[in-house]
Amino acid sequence: MGPDGPVPVRTGEVLGGPKVVLFAVPGAFTPGCSKFHLPGYVENADALKAKGVSTIACVSVNDAWVMQAWADAQGVGDKIVMLADGNGEFTRAMGLQWDAVGAGLGVRSQRYAAVIEHGVVTSLEVEPKPGVDVSSCANILAKL
């Protein structure tokens, strides 16, 4: 979200840095995402940066206004780049979509975290079951 509304970004602009941590959540304001996943990255942003991470980014199949409101509610500030994947195009391109139509949520992203170095995914941790475990900030910190 820019000062005047949504701003399109290219994947390489955000994820092409020397070392990027990208994590995906099924939905902004949902319990696991708001109580555990995003807060873990907000609280440990400095520790990630100390391990050489240049950018921390969060993506969700939500619109830019929802992602901005969620960032504001969670006190994200400039610690994390919040990326709206409103149509799920990035999520589909990653092959990590989750069909939550039966739960009334449409198609969402699976919960995951990736370490990306110079535009190449070097580590991808996809949650095998509900909850925040392998994609947690603590787990990613341990791998760096």
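Nothing in this text is a laboratory measurement; each read-out follows from the coordinates by a stated rule. Computed from a predicted structure; not experimentally measured. Don't worry about glycine lacking a Cβ; one is built from the backbone with ideal geometry, like all the others, and counts go over all protein chains shown.
Quick notes on this structure:
- In this structure, residue 52 qualifies as touching a residue at least 24 places away in the same chain (Cβ under 8 Å), touching a Pro at 6+ places or on another chain (Cβ under 8 Å) and part of a loop (DSSP other than H, G, I, E, B).
- Every residue from the stretch 128-144 that is in a loop (DSSP other than H, G, I, E, B), in contact (Cβ under 8 Å) with a residue 60 or more places away in the chain and not β-branched (Val, Ile, Thr): 130, 131, 135, 136, 144
- Filter pass, residue 69 being part of a helix (DSSP H, G or I), out of contact with any Pro (no Cβ under 9 Å at 6 or more places or on another chain) and touching a residue at least 12 places away in the same chain (Cβ under 8 Å): yes
- Residue ID - surrounded by the fewest Cβ atoms within 10 Å (Cβ to Cβ), chosen from residues in the stretch 101-123 that are in contact (Cβ under 8 Å) with a residue 40 or more places away in the chain and among the hydroxyl-bearing types (Ser, Thr, Tyr): 112
- Single residue of 29, 23 found to be surrounded by 14 or more Cβ atoms within 10 Å (Cβ to Cβ), of a type in the set (Phe, Trp, Tyr) and in contact with a strand residue (DSSP E or B) (Cβ under 8 Å, 6 or more places away or on another chain): 23
- Filtered residue count, the stretch 1-47, keeping only those that are closer than 17 Å to residue 86 by Cβ, among the small types (Gly, Ala, Ser) and in a loop (DSSP other than H, G, I, E, B): 2
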